[in-house]
Structure formats: structure tokens, C-alpha cells
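Asker: First the structure, then my questions, so here it is.
Read-outs throughout are calculated quantities, based only on the coordinates presented, and are distinct from any laboratory measurement. Everything numeric here is computed off the predicted structure, so don't read it as measured data. Every residue, glycine among them, receives a Cβ derived from its backbone with ideal geometry; neighbour counts consider all protein chains shown.
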Amino acid sequence: MPDEFERLAKKLKRSVDEVRVFRQRGFTGKSIEALQDQDLQNAMRRLEYPDMPRARRAFRVAQGRNDDGQIPRQALAHALRELDGLRFRARQTSVAGMPTGGIVQPSDLAIVPPVANLGARRWEALGPGNVGGRTRSILFHPTNHDTIWVASAGGGVWRSDDAGMAWTPADDFMANLAITSLVMDPRNADIIYAGTGEGFGGVEGTTRGGGIFRTVDGNQWAQIPSTSADQFRTVNRLAISADGAVLLAATSQGIWRSEDPQRTLWTMVLPDATGDVKFHPGDPRHAVAGSLGVIGSSGAAWCSTDGGATWTKAEHADPWSGRVELCYARAKPDTVYASVEIRNGEIWRSLDGGMTFARRRSLNNENQPSFFLGDQGWYGNVIWAGDANDADLVLVGGVNLWRSTDGGDTLVDISTWQSDASAHADQHAIVSHPAYDGVQNTTVLFGNDGGIYRAKNVKTVGNNAKPPKVAGWEKLSNGYGVTQFYSASSHAGDGVIAGGAQDNGSLLHHTGNGNTDWARFFGGDGGYCAIDPTNSDIVYGEYVFLNIHRVTDGGRTPDILGDRYISGQVWNPAQRKWVFKPKPFQIPDARGDRNALFIAPFVLDPNNPNRILAGGLSLWRTDDARTANTPTTGPRWAEIKKPANNMSPISAIAITNGNPDRVWIGHKSGEVWRSVNATASAPDWSPVSIQPPSAAPIRRFCQCILVSSHDPDVVLIGFGGFTRENLWLTRDGGTSWTSLGGGLPAAPVRAMAIHPRQPDWFYAGTEVGIFGSEDRGQTWSPTNEGPANVSVEDLCWMGEVLVCATYGRGMFSIDLAQAPAAGQPGAGAIS
């Protein structure tokens, strides 16, 4: 293989490093050759951070750990039960301007509500309605083919009744919105099962599950009580037999089986971590299953001939490793295909129903290994052989999608993840239209990290003569609002919102243009964002690990020159790689050795739009953020706080509005520090003790810090972990602290806000939604619409409109301008 890299590098006039990185991510020589310079530069920067899904997952898991470093069992389920209790006990119709009380209709939470829905609603779903998000399962109605359900990994189940032209959340108040799998009872199309929790990678993933849910009317969902146990926290795949009698659940602990109609009894039938399970399409006795891909474990497939009651490990000549995905060939169901994670992706085939497998060549059209899974087949991995007439027509997906017409011997890539006109990266689901016959109907739907895509002719989609492979792809987002945001920032005067999203980049939205009009101004995983208050064309965003970037034209032009990073990265055309400018024009913590969090904090000083504070292991400051960016110069960065003794990265930063010298920072370890001379060349920092001396110090992720704009001595600090006291208040600048977490569910507090005119009205964004208080956090009430049972990541103000960024349901807003002035009736207690 090194010889191939060198040969190809010489032919393409690329560096060997470039060729190696791209080939191992599934690029063919032609696709590398077709890359424009700006595409290559952007891709190379992203590919410098391999294994991104695992880094993302580790970041999210760290935020959920308690002081002992563990996440309690069923922690999210307990918090959601507390939330239900708070809703049930609500006696007011509004708290701090937010509606409370009974559950609302799912259509009220859609980005574009149905025309017939004329009821008033306070929260508005902002979208993005044109971006989508991670989608792991797709389900068609068997007779009404325009009705489709899809499963979002963080935004719940969504439904379309017009073939994907518009989407509505099926039930935003399910006790868990981390949906991984959908199956329908073949005897009754109104009965659908949904599995929750992503276990891909071998441990609990970025979205925590809560068992199996069921609907008996296609709309309202309820947890099956027998699956509330810890064994069902990651239901990676469901399968139901052709006669509807048996339901199988592939979990991180193994396969569970139920054959009673009410699904009250379950039996563990295969005690190995499994990520996939499939029933034979016509014979309820036969089933196959694939390994989950636990790090360090061997890969495996199993088959069953008694309806999943017992399992036999399949035989294959060479050892496997990692995750194994399987499918039956519809034209010849005795043929079973396997997509095996080993060596960046290999196809294996069984001709005896899954008992024995033989390797297919899995070569690209240049007669080289296709590497179709790239280096993250544990995360994105799917295979399909659903043609009614041709058992040799196979589709596989890892980073991109590939097609084979000879049973997996040779493959052609049919998507290009760098192009917005092609299918998005990271493939999770491939589902045929129910009327697919391979002749008159060749429609197939695809679920990936960008949402839902359709190919009306799966046999010709992506048939471009050269990359990018865009022919025949159609995006079906259309109001499918499941984007996973990490942050939000706004410009009230111009109505602009910016946000950083998981695997969907840094996005901009002009509120007057409609909620399906969001534009990406930078790709990859988006992190923190900030908009210059004096000029909304100047927008700051972040790629992972503190890679801060800036646009000065409102994101209206692409980054052709690769000069938008202001943290020091610059493309060197001679060396054909990313290098760093000399100091002080760089943030050393952003150099690629992960000396910052996956999503690292930076803030624009509200007192000076030319000043940014950014947190890695150290705290960094620039006082010329808007200076011109060149290949050798740019904003100057100075270290103003050394790393903590425990080398814990900075996780939260807050600058006092009206006094830039008063700065607060928090760390992943739970430490909090403050300075009263932060604009000095070498500021002084002092630790803050939140817990009383007799109590153990907080050792949980410091999620957020907020200094009140009404009183600089009023500071709120939110922590991670599934425990009670995650929100703390000081009214004297940090001398004494009071816990405000007693009235909130035991879940991470990720964001906070205080009403611009009403100092007693507090808002808390938590792992299980948003809460309001009219008495400075002494009592809390959950909202009954808007951000529902979903993690609220950030809160910001557009005047007196509160904008809420969620991890799985996009953004919402609510106009709170009707709040009474402080001291007026209805304004809450004044202290």
C-alpha cells in the first residue's frame, strides 16, 4: 500500500501524506484529483482530527459524569420522570413569560405548522428546516407510501404524509428522543416500535437511551415498561419477524427477545454486544445479527433458524474485527451480505443464509481497495441489497455511499461528502420505497448525519463522469428540524442568529427569511459562535479544539483562500499542508494536540468587540480580533492565565458587561476562577470555593457561567452531572453561594439567562429542557411547548426575544417583551 500511495501522489502531484489520508477515508484517485484547492484545504484540516465521532462522544459523556466520575444508571430516565412530575404539578399558565401546564400537540412544535393549526403558540421553532441532522432509521407505511417515519438520534421520531415534502415531530414529549431504530408490526401498520440510545463504539454514546417505545396509532408514543431497565439503555437495532410474533432488540449487552403480544417478557438470547439484527424478509424462523464493534474485540456475525431463540456464530476464513452490518438480498434471501469494519471496510457474502461467509474483493474502479468505510466504520456503516430482481446489486455506506453490481467485488462511489449537492457524510440507513421493483420504481431513501436524502433511481444516482457525484441526489429536509447545536449567538438589530452544529458546520440565519433558510459559513463540526454587535457581517465561529474562524462579509462568499482561521492556522501551498503562523499570531492550544475541549469556549467581550477570550489549557486573549488576516499575521494572542495544576481544560468563560476586568472561568474538572484585572498584561486569578468548607469540592464539568447584566455581583454557575445541585448563585460577587438546583431535575445545567428588564426572572437550560423562575431560582417551572424533552445547550437574547439552541431539535425562540417592569404586579418577588 505505501507503494500505491507514492505512485498515486506522483501522478496527482499531491503529497504522499495527502494521498494516504484521503485514500484511507475512501477517496479514489479520481476523486482526489478532482478536488478543488479550497476543498482539499478544508478536507485536510478536518482529516487532521481522525475519529471525530469518538471525540464528540467522549466530550458529551464527560459532561454527564458525577463527582465520582460515573454516570448513574438510568440517570436520564430519572430526570425525565422528575420533569413529568413538575409538569403535572404546574398550577400557573405562565412562568417568567413562558407557557406552562399541559402537553401541547406535536404540530405546535413543527417548524412550519399545518395550515389548519390556528392555535396561538408562544415558542417558535426556528429550524434549521433545510439542514437536518443524524438520522438512523427510516420507515414507510406499507400501503400509504407517502407516509414516512424517520428516527433522529437527538430529535425524536418525525412523520411526513407527503413523501418527505414536509415533516412534523411525532411526539416531542416522548421520555427519550434519542431514536436509533424503527420497525412496524406487519400485521398492524399502526403499531410501531422505536429503540433508543446509541451504543455504537461499544459504550453509551452521545445520546442516552431509555428503552423501547411503542405507538398503537402512529402518533402517540409510550415506553414499554419492561424495557426501562438498564439493559435497554442502548437499543442499537430492532427487528420484527415476518409474522409479527417475535421482536428482537440488539443492544450493547446482547440480543433480547420477546414473543408475547404485549412485550412484557424478554429473554437474553445472545450475550454479545450487537449493533445489528435482521429477520429474513419472508421466513420468521431465520435471522442474522452482527457485532457492535467494541474496541479490541473481534468482529462476528450470527445466524438463527428458530426465530432468534438460539444463535450460531457464522464461519469465515479470516478473522473479522469491529462492527458488522448485515442484509438479506431481496432477490435471493439465502444470500446475506456483510459490511465488516476490518481494514476500513470489506464486503463478505453468504450463500447459505448467513452460516458461512466468503470475502468479496471490495475494490474500487481503479482496482485498489475501496476503503468504503473510511476509518470510522464503527460509527457510519450500512449495507443494502434490496433489489427485487438482482441479488448482485449492493449499496454500502460509510463516509460516502458506494454501489456494486457484481455482489461486492467492485465498487463505485456515488456520493461526495464535500458537495452540498450530493448526499451528506456518515451513512446510517438505506431503505427501499415499498413499491420498489427495480424497473418502474427504483426509489431508495438514505439517512445520514445530514438528514434524509432520496435517489429516485438508485441504479444511476451519482453517475457523474467525474467527481463530485451529485447526479440524482435530492435532499428531503423540508422542515425536518433535528440539528444538534452546541451554541447560539444573535444580533438583535439585524435579526441574525449564528450557531455551531454537530457535523453540520457553523450556520447563519436571518430571521426575516423564513425558518428553512439557514446558510453554512463554515463546515465540519461547529462550536461556539459570536456576532460583532457593531457589524453583523463580522461573525466568529469555531471548528473543533479551539480552531476559531471569522467571516467579514456575513458568510456570503466561500473560504477559497483558506484564510478564515484567526487562531493561527494557515494553508502552506508549497508544503501542501496546514501550518501555524509564528507567535503571537496563533493560539498554541489549537495546534492539533487536543489541548482544548472538543467544543472549546470563546467569548466576544461585550465591552469591546475587538477583544476575544478563548479557553484551551490556558486562557488566551486578543485585543485586535478584527485585524486583517494574512498568511503571516493576524490577530495577536497572549496567554493571560496558565494551565490549572491538574491540566484540566477551560470549559466556560464569562466577562462582566460594563467591567471587562471582572472575568470568570470554569474548568472541566469543576474548578472556578475569577479575576478583577483581566485586561492587565498579566492578570491575577483567584480560585472560587462554591461548596462550604465542610463539603467536598465540586468535581463536575463546569458547563456555563453567567454574570447578571443588572448587577455584576449576581453570578450563576451551572455544572454537569446527573445530580441535584447543579446550579449555584452568588449575590455578593462570589463570597457566598446558594444552590438553586433543588427545584430542577437531577440533570446537567448547560445554559442560563436572566431577563433583560426583569432581574428576578431566571431561565435554566438543562439536559431535559428549559425552566423558568420568577423568584431568582427559588422555584422553577418547565415550559410546556418549544424545546421539549431535549437537551438545551445555549441561551441568548435578541432584544427581549429569548433564543434557545438544542442538541437535537434545532433552535427555538420566544418573545418575552411583555414582561412587566421590575416592581410591577406579576413581575415576581423583588429581593
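Asker: Report the gain in length on full extension from Asn188 to Ser686: 0.36 nm times residue separation, minus Cα-Cα distance, nm rounded to one decimal.
Answerer: 172.8 nm
Asker: Also, I was wondering about something else. Percent of Cα-Cα pairs more than 38 Å apart in the chain, please.
Answerer: Taking all Cα-Cα pairs of the chain, the fraction more than 38 Å apart is 39 percent.
Asker: Continuing with the same structure: In deg cm²/dmol and to the nearest 500, what is the mean residue ellipticity at 222 nm of the chain if only DSSP H runs of at least 4 residues count, each as -39500 (n - 2.57), divided by the residue total?
Answerer: -2500 deg cm²/dmol, from helical runs alone.
Asker: Next question, about the same structure. If you add up the charges near Asp390, with Lys and Arg at +1 and Asp and Glu at -1, over every other residue whose beta carbon is less than 13 angstrom from its beta carbon, what do you get?
Answerer: Residues close to Asp390 contribute a combined charge of 0.
Asker: What are the ³J(HN,Hα) couplings of the stretch 444-456, residue after residue, when phi is run through the Karplus curve with 6.51, -1.76, 1.60 and θ = phi - 60°? Round to Hz, x for glycine and proline.
Answerer: Karplus values, whole Hz, x for Gly and Pro: 9, 9, 10, x, 8, 5, x, x, 10, 10, 10, 10, 6.
Asker: Measuring from label point to label point, each 7 Å out along Cα→Cβ, what is the Gln368 to Glu315 span in nm?
Answerer: Taking the simple label geometry, Gln368 and Glu315 are separated by 3.6 nm.
Asker: Quick check on packing: order 532-539, 715-722 by the mean number of other C-beta atoms within 10 Å, highest mean leading. Provide the component values of the computation, followed by the final result.
Answerer: Numbers: 532-539: 17.0, 715-722: 26.9.
Ranked from most to least packed, the peptides come out as 715-722, 532-539.
Asker: Which FRET efficiency, nearest 0.05, do Gln440 and Lys332 yield, Cβ-Cβ r, R0 22 Å?
Answerer: It comes out at approximately 0.55.
Asker: Projected onto the charge dipole of the stretch 19-78 (+1 at Lys/Arg Cβ, -1 at Asp/Glu Cβ, origin at the Cα centre), which of Ile32, Gly69, Tyr49 gives the Cα projection farthest towards the positive end?
Answerer: Value: Gly69.
Asker: Let me ask something additional. Work out how much length Thr779 to Asp243 would gain on full extension: take 0.36 nm times their residue separation and subtract the Cα-Cα distance, in nm to one decimal.
Answerer: 187.8 nm
Asker: From the square roots a ≥ b ≥ c of the eigenvalues of the alpha-carbon gyration tensor of the stretch 409-538, which class results: rounded (a/c under 1.5), prolate (a/b over b/c), or oblate?
Answerer: Prolate, because a/c is 1.5 or more and a/b exceeds b/c.
Asker: Find the relative contact order for the chain and round it to a whole percent, using C-alpha pairs within less than 8 Å whose residues are 6+ positions apart.
Answerer: Answer for the chain is 11 percent.
Asker: Give a residue-ordered list of calculated ³J(HN,Hα) values for the stretch 698-705 (Karplus: 6.51 cos²θ - 1.76 cosθ + 1.60, θ = phi - 60°; whole Hz; x for Gly, Pro).
Answerer: Computed from phi, the couplings for the stretch 698-705 are 6, 10, 10, 3, 7, 7, 7, 9 Hz.
Asker: Can you list the residues, at least 5 places off or on another chain, whose amide H is less than 5 Å from the amide H of Gly155, using H built in the peptide plane?
Answerer: Here the answer is Ile179, since their amide H atoms fall under 5 Å of that of Gly155.
Asker: Please work out the FRET efficiency for the pair Arg7 and Ser736, using the Cβ-Cβ distance as r and a Förster radius of 56 Å; give the result to the nearest 0.05.
Answerer: Working: r = 69 Å, r/R0 = 1.24.
Working from the Cβ atoms, E equals 0.20.
Asker: Amide H of Ala388: which non-local residues (sequence gap of 5 or more, or other chain) have their own amide H closer than 5 Å, using H built in the peptide plane?
Answerer: For Ala388, the qualifying residues are Gly438.
Asker: State, to one decimal in nm, how far the label point of Thr143 lies from the label point of Ser298, with both points 7 Å from Cα in the Cβ direction.
Answerer: In this crude spin-label approximation the distance works out to 4.9 nm.
Asker: What lysines sit close enough to Lys469 to cross-link, taking a C-alpha to C-alpha distance under 26 Å and skipping anything fewer than 8 places away on the same chain?
Answerer: Straight-distance partners of Lys469: Lys10, Lys11, Lys13, Lys30, Lys456, Lys459, Lys577.
Asker: Within 10 Å, count the other beta carbons around each residue, average over each peptide in 58-70, 449-461, and list them highest first.
Answerer: Highest-to-lowest ranking by the protection proxy: 449-461, 58-70.
Asker: Where nothing but the Cβ of Lys and Arg (+1) and of Asp and Glu (-1) is charged, how large is the charge dipole of the chain around its Cα centre, in debye to the nearest 20?
Answerer: My answer is approximately 1240 debye.
Asker: Go through the stretch 586-601 residue by residue and turn each phi into a ³J(HN,Hα) via Karplus (6.51, -1.76, 1.60, θ = phi - 60°); whole Hz please, and just put x for glycine and proline.
Answerer: 8, 9, x, 5, 9, 7, x, 9, 6, 8, 8, 5, 3, 10, 9, x
Asker: While we're here: Which length gain, in nm to one decimal place, applies between Thr405 and Ala465 when the Cα-Cα distance is subtracted from 0.36 nm times their residue separation?
Answerer: Gain on stretching Thr405 to Ala465: 19.9 nm.
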